[in-house]
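The numbers here are math on the coordinates, done by the rules we state, and not lab data. In this text the structure is predicted, and so the values were computed from the model without any measurement. Every residue, glycine as well, gets a Cβ built from its backbone with ideal geometry; the counts of neighbours run over all protein chains shown.
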Amino acid sequence: MLCPEVRSNGAGRKLIARQVSYRQLLKNRDFGLLIFAQSISNFGDWLIIGILVAMVTELVPTNINPALAVAGLWIAKIAPSLFFSPFIGALVDRTDRKKGMIYSDLIRAGLVALLPFSSVLGGLFFVYLVIFLSEIFTLFFVPAKDASIPNLVKKDQLVDANSLSFTLNQVTMLIGLGVGTTIILVVNRLIAFVPVLKNFAGTNTAIYLDATTFVFSAIAVSFIHMPKQRVKVDKGHTIFEEVKDTFRFIAANPKIKSIIISVGFSVLGLGTILVVGPQYAQVDLGLGRDGFLILLTMLAVGLVIGAVSSSWLTHIISKESLFSASLTIVGLSLIGFAVFPAVTPAIILSLISGSALGIMYVSAYTIFHEQVSDDIRGRLFTALEADLRLGLIISLLITSALASTIGDQKLNIFGQMVTINSSQIVLFGGGVIVFVVSLYAFSVTRALARKAIVEKVNASEK
């Protein structure tokens, strides 16, 4: 049985005089290699997102709607975390994480390299199979990487380490999308006519480049001097029993449980913008067909700002309060999108909500690193990943149904008839969900703070 390991870092925590800079962190050879491996493989993942969408639409049979083929692609990417995450999490904690990350990278490289031959190896089904299997190994790599960070940096560097990790994820995502788009639009036209390069031009160029990024990631991880992890496996203890222990741990640790619940429900509310965002940008804001990309870009910029600012904010406010406050800001921002459907407010709200999301991510991951012991950390990060994806799937399904059912509504506000689009209604509902979740997170934080004070008083009286 696993016992909760809770270490309070309440109001009495001393402020750190000077935050640890990213440059100092990157001087840590092993952490730098881990971040490089994460960044280059993340770049490769986003490099071929658009290419995969184009590939499945080309391979789809004429009797199947291309939209269904694209939906199948996202199902193949998300499904592994829903079905296998508890068991993969147990493997992350049972096995050598460094070797596991290397094998995961090399296997993903081999799988991705097969994609150009999809048309002769099974068509659309083969693409889905490759993506499904790749995501299984991604599901091992990411929690293993996250669980390894506290073993490579000092405790007072955890916030900066998570901030840097998240920031580089966003930067490499934007670069990957940009390079992928360039390859699709430019490289195909420039070199596809050269016979000897036809098999490597255009979309295939991006696919082979993606496979190469996994190889470089594996090489980088192989040079990391990873401290020996603590592995607690009771004799005769099966993986199924370890999965049960993970849920017992979460149930017995109020702080960890509140984060997992809050993250899941916040994604449920945030998913609304992915479904109705394009319609909101085009119809409500009048930005045209590509208007949603403007909002997403501002959101991504905000994510980076939030992640970077987390480093000094956590020296002023506790991470628990910061997590709850960021949820509140995200909820109010979604409500703001619905109430103020204009371009300038929408751009400002995109920056604000993105910043709050970045702060929420860094705060949550740092709390996990500080509160969870090494022997169960992999399982907890895998559970968090599954929590995110489950919330997203439920949100996409519910939001799609609501958006198509509700329709536009006319309301009498102060004697004037006002038309409210379905996208505004859905965004308002999503904002309310996130706001209510933030109140729950605040209540747990306050309850734990009061409990810590009572325990301190009782201890002093003894």
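Structure above, values below:
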read-out: Student exercise, the range 253-445 dipole from Lys, Arg, Asp, Glu Cβ charges, in Debye to nearest 20; value: 120 debye
read-out: Of L152, G123, I175, farthest towards positive along the dipole that unit charges on Lys, Arg, Asp, Glu beta carbons give the range 51-186; value: L152
read-out: Candidate aspartates and glutamates - alpha carbon under 15 Å from K77, same-chain residues fewer than 8 apart omitted; value: D45, E135, E385, D387
read-out: Ranking of I317, I359, I273, I49 by count of other Cβ atoms within 10 Å, fewest first; value: I317, I49, I273, I359
read-out: Relative exposure of M360, M55, judged by other C-beta atoms within 10 Å (fewest first); value: M55, M360
read-out: Per-residue Cβ neighbour rank within 10 angstrom, fewest leading, H315, H225; value: H225, H315
read-out: Part-to-part distance (alpha-carbon centres) for the range 273-331 and the range 352-367, which is given in Å; value: 10 Å
read-out: Cα lying deepest toward the dipole's positive end in the range 253-445, options V283, S443, V343, charges on Cβ; value: S443
read-out: Dipole in debye (nearest 20) - the range 24-225, about Cα centre, beta carbon charges: Lys, Arg +1; Asp, Glu -1; value: 260 debye
read-out: The range 49-111, Cα convex hull volume normalised per residue, Å³; value: 96 Å³
read-out: Per-selection Kirkwood Rh - the range 253-445 (Cα, Å, 1 d.p.); value: 17.2 Å
read-out: Normalised alpha carbon radius of gyration of the range 24-225 [divisor 2.2 N^0.38 Å]; value: 1.08
read-out: Nitroxide proxy distance, nm - points 7 Å out along Cα→Cβ at L82 and R450; value: 3.9 nm
